[in-house]
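The values are calculated or read from the model by the stated rules, or taken from the named source; none is laboratory data. Being a predicted model, the structure only gives us computed values, none of them experimental. Positions of Cβ are generated from backbone atoms using ideal geometry, with glycine treated the same way; all protein chains shown enter the neighbour counts.
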């Protein structure tokens, strides 16, 4: 198994606010290379004037560069492509007994939730990976082996670790609060979240239900 960390960057379409302010896309991609056009400005009264008409180019090389600005572009990177490149690696690692992780980083509005969760009609990495786990278990099941799926869902927010599934769904919405948890360190197994709930998920529909339950408290 290739144990190296893979790094990918994805560019989203301009949002309505950016379109309304006539913003331009300053990022271009070629293969796994990402190029950003930058301009230096100096302030003149209430405006900023470019120092030079020629923008400077900053180039970065990643394992994957995903162009998701326009679906009409022949190089458009779909949710399925992101899954085939990244999600299948996570699946393979998990099925071989390794811990696997996808870490999405970016400012608010960068597109993390869309890439990770997606939509009902175009699911993201998490639903596709979960569905892939059940497909793997179904294909590889036999009389001598069985598998069991358990789900935990936590959030780290304002330096608090919250268990998004340790609540009573029958509570009134204004009373529902996720449980605050403590991070401990086991001398052999390393860090863990004390008391984090685990929920049986016999099929993918159960995971969908748990995800929806947890998302309501994010």
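Mind listing whichever residues of the range 112-125 are in contact (Cβ under 8 Å) with a residue 60 or more places away in the chain and either crowded, with 17+ Cβ neighbours inside 10 Å or over 13 Å from the mean Cα position of the chain (by Cα) (or both)? Hit for the range 112-125 is 115, nothing else.
Condition first: part of a strand (DSSP E or B) and either surrounded by 11 or more Cβ atoms within 10 Å (Cβ to Cβ) or in contact with a helix residue (DSSP H, G or I) (Cβ under 8 Å, 6 or more places away or on another chain) (or both). Now tell me which residues in the range 127-155 satisfy that.
First, the residues of the range 127-155 that are part of a strand (DSSP E or B): 150-151, 154-155.
Passing the criteria: 151, 154, 155.
Out of the residues in the range 27-48 that are outside any strand (DSSP E or B) and at pLDDT 90 or above, which is surrounded by the fewest Cβ atoms within 10 Å (Cβ to Cβ)? The selected residue is 31.
When restricted to residues that are modelled with pLDDT of 90 or more, more than 20 Å from residue 201 (Cβ to Cβ) and surrounded by fewer than 15 Cβ atoms within 10 Å (Cβ to Cβ), the range 70-103 contains 13. Within the range 197-215, if we keep just the residues that are crowded, with 17+ Cβ neighbours inside 10 Å and within 17 Å of residue 136 (Cβ to Cβ), the residue that is nearest to the chain's Cα centre (by Cα) turns out to be 207. Of all residues in the range 156-180, those satisfying the criterion of being at pLDDT below 90 and in a strand (DSSP E or B) are 157, 179, 180.
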